[in-house]
Every structure is written in C-alpha cells, then in structure tokens.
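The next block holds one structure in the form of structure tokens; read it before the comments.
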Amino acid sequence: PSIILISICGLAYPHLGMLCLKGWLAGLVAVFLYDISRVPFILAGWDDFIPQIGVWLLGRENAPPALGYLYRYAGNGGGMGISFILLAQLFKLNKNLVKSAVIYGLAVFGCLMLTLIISPLGQDEMFAITPLTLTGSLIGHIIYGVVLGLMLKRLE
C-alpha cells in the first residue's frame, strides 16, 4: 500500500516524487554499506536474522531467504531514506544534512533497541542484545546515517 501511495503522490506532485526517489535510492546505498559493516560481526557470532524476515512476512517456514533481504533493502533501508528526506525537507535540514542523518540513524538505532527490549519475543526472534550485537548495530546505524546524508547531499 505505501508503494502505491508514494507512486500516486509522486505522479501528482513530481517534486515530492523526485524527493522520495532520491531518499529511496540513498537509503538503498546506505543499507548496503550498513550490511557490509555487519559482516565482521556476523563472522564473530552475530546470527543474521534478515533471511527470517521472509518467514515473518509470509507466515510460513519455507519462505525464500532473499525475501528478507528484499524487504530489508526496498522497504526498510529505502523506506527510512524516504522518511528522512521528507523530514529534512519539512524541517529545512539541508545545511546540516549529514549531521541530521546521523542523528536520524541513531534515533532508528534507539527505536530498534527499545523494540528488542520491550517486545516479548524481540530478542528471541531477531537478536539478543550483547556487546557484539550492540556494537555492530550501533556502528551500522551510524554508517547508515553518514551514507544517507552524504548520498542525499550528492543528489541535491
């Protein structure tokens, strides 16, 4: 539904559509570099829960692992990029775009940690908060924010 809504709004308001496209593309690049930063942490023992997202989306055990990554990139990384660029436009954050994007990434990190803490099965289903996962996730969200801000500055 959100893809359809964004597409309709983008056609009706081309400037808004272009902003969303830039945010989505920047979010894709940012989440890709975040995922590269996760590799050493995964090799050190952080279980990769991303393939499990497909199972949650379809509600069946035989969901293709690639579905989790499709959601991670197109929905999560790209969607957060859209949200950020619209917030940046609304609050006129262009002068401090990279700094604002890092703060945004840290806010997303905080929301993830809160979700893991208060959800009854959050740490069982996604990942337990340990020094390894906390560090890896924090670094990843900082990278996401930096890359998101730099990409959006470049796409201005």
If you take the residues of region 46-87 that are assigned to a loop (DSSP other than H, G, I, E, B) and farther than 23 Å from LEU106 by Cα, which of them is nearest to the chain's Cα centre (by Cα)? PRO51
For region 17-34, enumerate the residues that are open to solvent by 60 Å² or more (accessible area, probe 1.4 Å) and either free of Cβ contacts under 8 Å to residues at least 24 places away in the same chain or of a type in the set (Asp, Glu) (or both). MET18, LEU21
Per the filter on region 48-65, residues aliphatic (A, V, I, L, M) and open to solvent by less than 70 Å² (accessible area, probe 1.4 Å) are ILE50, ILE53, VAL55, ALA63
Residues LEU112, LEU70, LEU121: which one is surrounded by fewer than 20 Cβ atoms within 10 Å (Cβ to Cβ) and touching a Ser or Thr at 6+ places or on another chain (Cβ under 8 Å)? LEU112
Qualifying positions in region 86-101 - touching a residue at least 40 places away in the same chain (Cβ under 8 Å) and open to solvent by 30 Å² or more (accessible area, probe 1.4 Å): LEU86, GLN89, ASN94, VAL98, LYS99
So, first residue hydrophobic (A, V, I, L, M, F, W, C) in region 35-48, second residue open to solvent by 40 Å² or more (accessible area, probe 1.4 Å), Cβ within less than 9 Å, six or more apart or across chains; the pairs are ILE36/ILE143; PHE41/LEU132; PHE41/THR135; PHE41/ILE139; ILE42/ASP48; ALA44/LEU132; TRP46/THR130; TRP46/LEU132
For region 136-149, check the following and say yes or no: at least one residue is more than 18 Å from VAL29 (Cβ to Cβ), of a type outside the set (Asp, Glu) and open to solvent by 30 Å² or more (accessible area, probe 1.4 Å). yes
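The values are calculated or read from the model by the stated rules, or taken from the named source; none is laboratory data. The model shown is predicted, which means the values in this text are computed figures rather than measured ones. Ideal geometry is used to build each Cβ from the backbone, glycine not excepted, and the neighbour counts take in all protein chains shown. Side chains included, ligands, DNA and RNA excluded: accessible areas come from the protein's heavy atoms. Shrake-Rupley method; radii C 1.70, N 1.55, O 1.52, S 1.80 Å.
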